[in-house]
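Any read-out appearing in this document is the output of simple, stated calculations on the displayed coordinates, not a laboratory observation. Just so you know, these numbers come straight off a predicted model, no measurement behind them. All Cβ positions, even for glycine, are placed from backbone atoms using ideal geometry, and neighbour counts span all protein chains on display.
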Amino acid sequence: MRYFIFPVLALCVISACKNRQSSGTPQQPDQITQMVANAQPPADFLQFYEKFHKDSLYQIAHITWPLSGETSEQIDSVHYRKKLVEWQPQTWHMHHLVDFSSGDFKHDFEMMGDVLVVEHIRYAAANYGLERRFAKNEKDEWELVFYGDMQER
């Protein structure tokens, strides 16, 4: 059963991450603010977060390469295990803002002071999700420093 659910969930996340501008209803900064209103991220994080998801060159420039992270590795037809990986710019797929209005996904941020933000996006109907960590670099700019792709959490 898990073997079937994982590809279906991956497709759901990919379709949810599509750029919504083509539909004529781009996400507004107010929607982003609503997503993180309870977490109270640093003031400059929301501006970074919006630009990071809209500008591919900005996104690539604001990722620590090689990007540390994790993925799932299939052991057999029903079992997976987490595997540490290093994501590379050559194979990176741009991340877009996710539309959370359908209720299919849950979203939250954890604040670690003013220099680290941990983001969790989870599929509401199952125990699958992704994790991203953003941190300030020595230039006081936000960067993606960790990415755990869609997997059992």
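Normalising by the residue count of the range 77-153, find the relative contact order in percent from Cα pairs under 8 Å and 6+ residues apart. Here the relative contact order equals 18 percent.
Sorted by mean Cβ packing within 10 Å, highest first, what order do the peptides 89-96, 118-125, 105-112, 142-149 take?
Details: 89-96: 12.1, 118-125: 16.8, 105-112: 14.6, 142-149: 19.4.
Ranked by mean Cβ neighbours within 10 Å, highest first: 142-149, 118-125, 105-112, 89-96.
Using a Förster distance of 35 Å, how high is the FRET efficiency between D140 and W92, based on the Cβ-Cβ distance and rounded to 0.05? The computed FRET efficiency comes out at 0.90. For the range 113-153, compute Rh as the Kirkwood radius over C-alpha pairs and then the Stokes-Einstein diffusion coefficient at 25 °C and 0.890 mPa s; write the answer in µm²/s, rounded to an integer. It comes out at roughly 221 µm²/s.
May I ask you to derive the FRET efficiency for I75 and M112 from their Cβ-Cβ distance with R0 = 35 Å, giving the value to the nearest 0.05? Display every interim value, and only then the final one.
Details: r = 32 Å, r/R0 = 0.92.
Once rounded, the FRET efficiency stands at 0.60.
Per residue, the convex hull spanned by the alpha carbons of the range 53-153 comes to 120 Å³.
Rounded to the nearest 20, the Cβ-based charge dipole of the range 70-144 about its Cα centre (Lys and Arg +1, Asp and Glu -1) stands at 240 debye.
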